[in-house]
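Q: Can you read through this structure? Questions will come right after.
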Amino acid sequence: EAGVAQSPRYKIIEKRQSVAFWCNPISGHATLYWYQQILGQGPKLLIQFQNNGVVDDSQLPKDRFSAERLKGVDSTLKIQPAKLEDSAVYLCASSLAQGLFNEQFFGPGTRLTVL
Amino acid sequence: GIQVEQSPPDLILQEGANSTLRCNFSDSVNNLQWFHQNPWGQLINLFYIPSGTKQNGRLSATTVATERYSLLYISSSQTTDSGVYFCAAHPNDYKLSFGAGTTVTVRA
């Protein structure tokens, strides 16, 4: 069974530029998550989708971050414009459902460096 | 939100040694996961363990939900066990909250 796929693996941009990340969850997983992991810290949830609807985006800086999951499968996370403090690893995860039996599986992440 | 605390923050082991990592959480949880983050940044699922004890090879985990803690045991450690171990708790609102991690270094 294929795992969670993410691309690109690495991205370097200048501040104020825009960037987009892509995620394809495990087949059949209804719930998709985006996390931000700053160096030395645990991942922090940015947004959670159930199929193509947003369940929780309370930690998403909506002035610059946006995410969509239009067909309930793959998802994109965008940052526009990027700031220096956005340098982090962006992790995508998926689970069969939310609620009980919601073991999450993570992709390899995208390492973003903002100069 | 729920607070997840891991200890110790750093652990240095000689190859072959055993160790115990601890995870305390501040509220009741529906579930708990342990992950190993390898040097390339990939989070590898180790255990999905709301309560009780599970074993997988040289690793085992125990969660005592009523006392709000979980333990991860590493036996006969190997250099490939090096990395950061994260505990993450699912409280009643189902958000997964991570601890700060325990960095394990196994020396040959």
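The values are calculated or read from the model by the stated rules, or taken from the named source; none is laboratory data. On a predicted model such as this, the values are computed, not experimentally measured, just so you know. Methodologically, a virtual Cβ is constructed for each residue, glycine included, from the backbone with ideal geometry; neighbour enumeration extends over all protein chains shown. Please note that ligands, DNA and RNA were not included when accessible areas were found on the heavy atoms of the full protein model with its side chains. Shrake-Rupley method; radii C 1.70, N 1.55, O 1.52, S 1.80 Å.
Q: From the convex hull of the Cα coordinates of chain B, what is the mean projected area in square nanometres?
A: Directional mean of the projected Cα hull area for chain B stands at 6.1 nm².
Q: Also, quick follow-up: Using 7 Å Cα-to-Cβ label points, what is the residue B:79/residue B:12 separation (nm, one decimal)?
A: With each label point 7 Å from Cα toward Cβ, the separation is 1.7 nm.
Q: May I pose another question? Residues of chain A: accessible area per residue at 1.4 Å, in Å²?
A: Accessible surface, normalised per residue, equals 50 Å².
Q: Among A:78/B:95; A:71/B:95; A:11/B:95; A:44/B:95; A:44/A:78, which pairs are too far apart, with a Cα-Cα distance over 19 Å?
A: A:78/B:95; A:71/B:95; A:11/B:95
Q: What total accessible area, in Å², is buried where chains A and B meet, using a 1.4 Å probe and rounding to the nearest 100?
A: So the total buried area for this chain pair works out to about 1600 Å².
Q: Do you know the relative contact order of chain B, to the nearest whole percent, from alpha carbon pairs under 8 angstrom that are 6+ apart?
A: It rounds to 38 percent for chain B.
Q: Carbon-plus-sulfur fraction of the accessible area of the protein assembly as shown, 1.4 Å probe, in percent?
A: Exposed carbon and sulfur together represent 50 percent of the surface.
Q: Could you grab the relative contact order for chain A? Cα pairs under 8 Å, six or more apart, rounded to a whole percent.
A: 37
Q: Something else: Over the heavy atoms of residue B:48, what accessible area does a 1.4 Å probe trace out, to the nearest 10 Å²?
A: Taking all protein chains as shown, residue B:48 has close to 30 Å².
Q: Taking the simple approach of a point 7 Å from Cα along Cα-to-Cβ for both residue B:48 and residue A:17, what is their distance in nm?
A: Result: 3.8 nm between the two label points.
Q: Counting only heavy atoms of protein chains, what accessible area per residue, in Å², does region B:4-107 have with a probe of 1.4 Å?
A: I get 45 Å² per residue for this part.
Q: Take every Cα-Cα distance within chain A, group them into 5 Å bins from 0 onward, and report for each bin the whole-number percent of pairs it holds.
A: Each 5 Å bin holds this share of Cα pairs: 2, 13, 24, 26, 19, 10, 4, 1, 0.
Q: Report the paramagnetic label zone for residue B:105: residues of region B:52-85 whose backbone N is under 17 Å from a point 7 Å from Cα along the Cα-to-Cβ axis.
A: Inside the label zone: B:78-85.
Q: Take the Cα coordinates of the protein assembly as shown, assign each an equal point scatterer, and use the Debye formula without solvent to give log10 I(q)/I(0) at q = 0.08, 0.10 Å⁻¹.
A: So the normalised log intensities are -0.29, -0.45.
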